[in-house]
Every structure is written in C-alpha cells, then in structure tokens.
Amino acid sequence: MIEQGVVQVEEDGSNLHPASATVDSGHFRIVEWHGRIPFTPPDPKWPGPALDNVWHMPIKLENVGIAVSDLEATIAFFTDLGLTVLGRETVSGDWADTAVGLDGNHAKIALLQTPDGNGRLELFEYIHPEAIQTEPTRPNEIGMHRVAFSVDDIDQALEIAARHGCHPLRGVATYGDVYKLTYLRGPSGIIVMLAQELTRG
C-alpha cells in the first residue's frame, strides 16, 4: 500500500525529516521524498540507520467520549453490563475551554472501563453550555454512531439492557456460525452493539 510517510533515515546515519514522502508501507520502503529537515526520533526503540525503515509516531486509543443527557442513568446502564467506574470529576476553567473549544465549558465526567481493561468510555453531562439535544443517530449516518461490546451471553445482556428501557433496533441476527449480534438504543440515544462469539471454546 502506498501512503504518505514522515521520516527517512540515510545510510550514513543522518536522520532526515522530509517535508513530504511517499511510502510503500507494505515493504517499509520510501519511494520518494521532498525537502530535508533535521529530525531526531523520540522513540528509544528507533531501529537505527536503515534506508528501508520508516518511523511512525506511537499512538494508543485511550477512550471514546460520549455526551449524555443523564450521567447517572448512563453510568447505571453500562455498569450493569459489566463496566466499572474508574473515576468521576467535574471540569471547568480556561484549560477546559481551550481543549474542547467551548467558552465556559463546565461538565460532569465519568470514566468507565471494560473488565479486561482494554476499553474505556468517557461520559460527559454538560452543565454549561446547555447540552444540545439532537435526533437519535441512525446506523447509516456519517460519523461515529455506536460503541460495540463482546459479551459471553447476549440474551442475558439484552435482559439487563431491557431493565433500562433499552431494546434492539430490530432484533438479534446470526452471522454465519460466528456471531450473534444486535444494535440497541441505549441511554441518550447511544447505539450500542452487542456481539456474542459462537465459536468460543
């Protein structure tokens, strides 16, 4: 696959940062580059001088943020499904205004985590500015529209969701002999996908 890259390392050991570069990422090979700017890789695991190595900035998904109309109800829904609350806070101030891009940003926040520790949700209930209620997202709308969870027992998960007034958009589907899955409408109109792997074990 040919894509845009950022770093080339010369055979003589000098690190160069191209203004632009075209990279064959399938073979970690620079096809062409333009411009030269001195560059020092921040990653201590940098492999050293080699023409065919391309440095990529380390990146990790931290969480998915969702604005909700009722923080407590949304926490109750997700914790009943098995997530745990890592922390809660109320944020405001100049730093919050700058980071989010809203004047007078003031919100209650809760950070939730899945039992395996790999997935996190950050839930926001806005105090100021006033939250804007929109039409519930539909699955075919452009943009982020759902969060997905794998569960051991989809029927049990749906029973839990139903206690919160949350039900599938249509029903539970079976994808071959691999998954049973469904989309349901959660608190604040969040679309939640639940999937049970049928081949496990």
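Kindly provide the set of residues from segment 146-161 that are within 14 Å of ILE191 (Cα to Cα) and either in the same structural domain as LEU121 (by TED's automatic domain parsing) or not charged (D, E, K, R) (or both), ordered by number.
Restricting attention to segment 146-161, the residues satisfying the condition of being within 14 Å of ILE191 (Cα to Cα) are 146-149, 158, 161.
Those that are within 14 Å of ILE191 (Cα to Cα) and either in the same structural domain as LEU121 (by TED's automatic domain parsing) or not charged (D, E, K, R) (or both): VAL147, ALA148, PHE149, LEU158, ALA161.
With segment 58-174 as the region, which helices (runs of 4 or more DSSP H) entirely inside it contain at least 2 residues that are in contact with a Lys or Arg (Cβ under 9 Å, 6 or more places away or on another chain)? So that I can check it myself, show each step before the final result.
Details: elements: 71-80, 94-100, 154-163.
Passing ranges, in order: 71-80, 154-163.
Give VAL91, VAL85 a once-over and let me know the one that is among the β-branched types (Val, Ile, Thr) and under 18 Å from GLY186 (Cα atoms). Even if it seems obvious, please write down each step before you answer.
On the way: VAL91 fails: under 18 Å from GLY186 (Cα atoms).
It is VAL85.
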Problem set entry | Tally of residues being surrounded by 10 or more Cβ atoms within 10 Å (Cβ to Cβ) and under 16 Å from the mean Cα position of the chain (by Cα) across segment 116-156 | 13
For this session: Give the number of residues within segment 175-201 that are touching a strand residue (DSSP E or B) at 6+ places or on another chain (Cβ under 8 Å), surrounded by fewer than 17 Cβ atoms within 10 Å (Cβ to Cβ) and outside any strand (DSSP E or B).
Result: 2
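If I go through segment 157-168 residue by residue, how many of them are without any contact (Cβ under 8 Å) to a residue 60 or more places away in the chain and either of a type in the set (Ser, Thr, Tyr) or surrounded by 13 or more Cβ atoms within 10 Å (Cβ to Cβ) (or both)?
First, the residues of segment 157-168 that are without any contact (Cβ under 8 Å) to a residue 60 or more places away in the chain: 158-159, 162, 165, 167-168.
Those left that are additionally either of a type in the set (Ser, Thr, Tyr) or surrounded by 13 or more Cβ atoms within 10 Å (Cβ to Cβ) (or both): 158, 167-168.
Looking only at that region, the number is 3.
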For this session: Scan segment 124-150 and report the pairs whose first residue is among the polar types (S, T, N, Q) and whose second residue is loosely packed, with under 11 Cβ neighbours inside 10 Å and at pLDDT below 85, with Cβ atoms within less than 8 Å and a gap of 6+ or a chain change.
Result: THR137/GLY143
Exercise. Could we say that ALA99 is in the same structural domain as THR74 (by TED's automatic domain parsing) and at pLDDT below 90 here?
Worked result: yes
For this session: Considering only segment 60-91, state which residues are of a type in the set (Gly, Ala, Ser), touching a residue at least 60 places away in the same chain (Cβ under 8 Å) and in contact with a strand residue (DSSP E or B) (Cβ under 6 Å, 6 or more places away or on another chain).
Result: ALA67
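The values are calculated or read from the model by the stated rules, or taken from the named source; none is laboratory data. Quick caveat: nothing in here was measured; it's all calculated off a predicted structure. FYI the Cβ positions are ideal-geometry reconstructions off the backbone, even for glycines, and counts take in every protein chain you see.
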